[in-house]
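K.L.:
Just dropping this structure here.
The values are calculated or read from the model by the stated rules, or taken from the named source; none is laboratory data. Because the structure is predicted, anything quoted here is derived from the model rather than measured. Don't worry about glycine lacking a Cβ; one is built from the backbone with ideal geometry, like all the others, and counts go over all protein chains shown.
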Amino acid sequence: MKKVLALLLISFLCICLTACDPASYFFDNDDLLDNLTDIQLINYDNTLQKSFKSWVPNHYSKLVNFDFDNMTILEILDDSYKEEFIRQLAQQYILHTYYAYNSPNNICLRLLYANGDFIIINCAYKNSYFGGYIGKYDSEGNVIDFYGCFESLYSFTSLVNDFFETKIYLD
């Protein structure tokens, strides 16, 4: 009887401790290859970025539109590296709808689509924290979709450091 009770307790704890983990998301390699026109490394100066205390609720309505006045293009990825960049990006685990921040800040990747929409990929590398912001915007900067954030800080920094002259150094 004690063994059965212990097994039930362990099972219950396992469910409780893992049930709240966000699902993983991956970018579609073929979609990105077929539709991206440009990949940029930008600096986004956003002093109004806020972190959420909890990722569990849906914070979609609190996401902030993209302000083009805050953006400075640092580099544009050479087209000869585009396919390899997209392949590596499509292999990265993204914590799906993990609301860490309401908007991007600092160094970001900007993936531009032919129709003017774009994706911003950002990570809180200055805090050595994996939380970040991955969202899609229309050509006017309005939030279209929110994907979440990278599962690992190193996923973001390795993409930047492997493909751009600008490097991110972690403390």
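K.L.:
Within the set of pairs 6+ apart or on separate chains, which have a first residue in the range 86-102 that is closer than 11 Å to SER155 by Cα, a second that is among the aliphatic types (A, V, I, L, M) and crowded, with 21+ Cβ neighbours inside 10 Å, and C-beta atoms under 7 Å apart?
P.N.:
What qualifies is GLN88/LEU159; LEU89/LEU159; ILE94/ILE134.
K.L.:
Just name the residue that is nearest to CYS123 (Cα to Cα) out of those in the range 133-171 that are assigned to a loop (DSSP other than H, G, I, E, B) and in contact with a Leu (Cβ under 8 Å, 6 or more places away or on another chain). Talk me through it step by step, then tell me what you get.
P.N.:
Initially, the range 133-171 is screened for residues assigned to a loop (DSSP other than H, G, I, E, B), giving 138-142, 151-152, 164-171.
From the residues that got through so far, the ones that are in contact with a Leu (Cβ under 8 Å, 6 or more places away or on another chain) too are 151, 164, 166, 170.
Details: GLU151: 10, PHE164: 16, THR166: 15, LEU170: 12 Å.
Ranking the qualifying residues of the range 133-171, first place goes to GLU151.
K.L.:
A further question on this structure: Only one of (1) part of a loop (DSSP other than H, G, I, E, B); (2) touching a residue at least 40 places away in the same chain (Cβ under 8 Å); (3) of a type outside the set (A, V, I, L, M, F, W, C) fails for GLY116. Which number is that?
P.N.:
Of the numbered conditions (1) part of a loop (DSSP other than H, G, I, E, B); (2) touching a residue at least 40 places away in the same chain (Cβ under 8 Å); (3) of a type outside the set (A, V, I, L, M, F, W, C), the odd one out for GLY116 is (2).
K.L.:
Next question, about the same structure. Limited to the range 58-88, what total is found for residues that are under 20 Å from ASP45 (Cβ atoms) and modelled with pLDDT of 95 or more?
P.N.:
So the answer is 12.
K.L.:
Let me ask something additional. Would you be able to say whether some residue in the range 147-168 is among the acidic types (Asp, Glu), surrounded by fewer than 16 Cβ atoms within 10 Å (Cβ to Cβ) and within 20 Å of LEU48 (Cα to Cα)?
P.N.:
No, the conditions are met nowhere in the range 147-168.
K.L.:
Report whether or not SER139 is under 24 Å from ASP69 (Cα atoms), in contact (Cβ under 8 Å) with a residue 24 or more places away in the chain and among the polar types (S, T, N, Q).
P.N.:
yes
K.L.:
A further question follows. What about ASN35, is it under 21 Å from SER158 (Cβ atoms), touching a residue at least 40 places away in the same chain (Cβ under 8 Å), surrounded by fewer than 16 Cβ atoms within 10 Å (Cβ to Cβ) and not aromatic (Phe, Trp, Tyr)?
P.N.:
Here the answer is no, as ASN35 does not meet what is asked.
K.L.:
Still on this structure: Among the residues of the range 117-171, write down those that are at pLDDT 90 or above and touching an Asp or Glu at 6+ places or on another chain (Cβ under 7 Å).
P.N.:
Of everything in the range 117-171, those that are at pLDDT 90 or above and touching an Asp or Glu at 6+ places or on another chain (Cβ under 7 Å) turn out to be ASP117, GLY135, LYS136, TYR137, ASP138, SER139, GLY141, ILE144, PHE164, GLU165, THR166.
K.L.:
Of all residues in the range 65-120, how many are under 17 Å from PHE150 (Cβ atoms), in contact with a Gly (Cβ under 8 Å, 6 or more places away or on another chain) and surrounded by fewer than 20 Cβ atoms within 10 Å (Cβ to Cβ)?
P.N.:
Residues in the range 65-120 being under 17 Å from PHE150 (Cβ atoms), in contact with a Gly (Cβ under 8 Å, 6 or more places away or on another chain) and surrounded by fewer than 20 Cβ atoms within 10 Å (Cβ to Cβ): 2 in total.
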